[in-house]
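The values are calculated or read from the model by the stated rules, or taken from the named source; none is laboratory data. Note that the structure is a prediction, hence the values are computed from the model and not measured. Cβ: placed from backbone, ideal geometry, glycine included. Neighbour counts: every protein chain shown.
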Amino acid sequence: MTPQVFAKNLPTVSKAFNVTYNKKGAGATFDAFGDDLYDFGISEAGSVPYMYGSYEIYEANKRNQTYKFVSYVNLTSTASVALFPAFMYESILKVATSDPEFEFRTRSTPYPLSYE
């Protein structure tokens, strides 16, 4: 399985994502891959924020239904920590179930404000 299979199954991929691929970090340690992503972002975007997030898919086996990935997110984007993993969950579930119409929805409700 290739990263392109998962990228094309991200929700609203044609509207919300500008997918690029970085093969330089393939098989690297997490730190080396993170450094490669930073360098890639600087060279491709040229200005802050260099990117909002990235995925490293390090296991994808449809026969065994085993999928493992790491989300790298730009913490200056307030929603990226919650949303980026959910986007990949939906993509993985579409691939795993062979259902391109599958929708994975989550709801995030913040805690109420506390008063003294």
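Here is how the numbers come out for the structure above:
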item	result
Residue match in region 76-84 (condition: at pLDDT 75 or above and under 16 Å from residue 3 (Cα atoms))	yes
Leading residue by the ranking (modelled with the highest pLDDT) among those in region 26-65 that are small (Gly, Ala, Ser) and under 21 Å from residue 13 (Cβ atoms)	60
Filtered residues of region 70-88 (kept if out of contact with any helix residue (DSSP H, G or I) (no Cβ under 9 Å at 6 or more places or on another chain) and surrounded by 14 or more Cβ atoms within 10 Å (Cβ to Cβ))	80, 83, 84, 85, 86
Subset of region 61-116 [within 11 Å of the chain's Cα centre (by Cα) and of a type in the set (D, E, K, R)]	90
Per-region count, region 89-116, residues surrounded by 10 or more Cβ atoms within 10 Å (Cβ to Cβ), of a type outside the set (Ser, Thr, Tyr) and not in a helix (DSSP H, G or I)	3
Residue, nearest to residue 55 (Cα to Cα), within region 71-87, restricted to residues that are assigned to a helix (DSSP H, G or I) and either among the β-branched types (Val, Ile, Thr) or without any contact (Cβ under 8 Å) to a residue 24 or more places away in the chain (or both)	85
